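Below: the structure, in structure tokens.
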Amino acid sequence: MQTTNIIRTPFIVTLTLAAVMLCSSIATAQAATPNWAYTDDKAPVSPKAFYDINVTTPETMRNFLWVIDETYNLLIAKGVPACKIRFVVSLRGASVMYATSDFSKTDVDGTDLGDQIRGFLTSLAGKGVRIEACDISLDWVGVDAARLVSEVAVIDNAFAAAIFYQRRGFATVPITELP
């Protein structure tokens, strides 16, 4: 009987240590990924985002419009109905210059950035994304509102709009120049 206890004791100690180490590993993994973290598995039921675009280069504007378009497409791919997605693209500062029907600048690869920006604005608007340009910014950079592409609505003040959209539960996504 003593031999049995001698054999059992190391086995029980080893089993207990393994259980403690396993629980510790699970707890560490759970701490590293809390239940509220983005884990690429579920999309919100009604995603709402206010994209506050204030950039000074057309390349940056084109790139971020592409990311916004891809974000919309990702939500659709994750099963969110298009009618539940509420995106607002707010153009302020120099950004309003690039949303005009006559803006043109050749990119390093020979493509026209103006055409690309207008293409993304058209695509986003076709998906139900609201696109707004700040009237104060239009005045500030000297752009006549009549030059804006038809998909862009002129609002009186982008800062005020940000406050109103935030009150309505929209996540504010600030977009400025790339580092």
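Taken together, the values in this text are just the output of simple stated rules run on the coordinates, not laboratory data. The model shown is predicted, which means the values in this text are computed figures rather than measured ones. Note: ideal-geometry Cβ built from the backbone for every residue, glycine included; neighbour counts use all protein chains shown.
Based on the Cβ-Cβ distance from ASP109 to ARG167, what FRET efficiency comes out when R0 is 30 Å, to the nearest 0.05?
The calculated FRET efficiency here is 0.10.
When a/c reaches 1.5 or more, the comparison of a/b and b/c decides; with that in mind, is the range 38-154 rounded, prolate or oblate per its Cα gyration tensor?
Judged from the Cα gyration tensor, the range 38-154 comes out prolate (a/c at least 1.5, a/b above b/c).
Take the alpha-carbon centre of the range 149-169, take the same for the range 88-115, and report the distance between them in whole Å.
Each part's Cα centre sits 20 Å from the other's.
Please give the FRET efficiency for GLU177 paired with LYS48, using the beta carbon to beta carbon distance and R0 = 22 Å, rounded to the nearest 0.05.
The calculated FRET efficiency here is 0.30.
What shape does the range 96-179 take by its C-alpha gyration tensor, where a ≥ b ≥ c are the square roots of the eigenvalues and a/c under 1.5 counts as rounded, a/b above b/c as prolate, and the rest as oblate? Please list the in-between numbers first.
Details: a/c = 1.72, a/b = 1.48, b/c = 1.16.
Because a/c hits 1.5 or more and a/b exceeds b/c, the range 96-179 counts as prolate.
Could you list the residues of the range 122-147 with an amide nitrogen less than 12 Å from a label point located 7 Å from the Cα of PHE159 in the Cα-to-C-beta direction?
136-137, by backbone N distance to the label point.
Using a 7 Å offset from the Cα along the Cα-to-Cβ direction at both ASP135 and ALA77, what is the distance between the two label points in nm, to one decimal?
For the pair ASP135/ALA77, the computed spacing is 4.0 nm.
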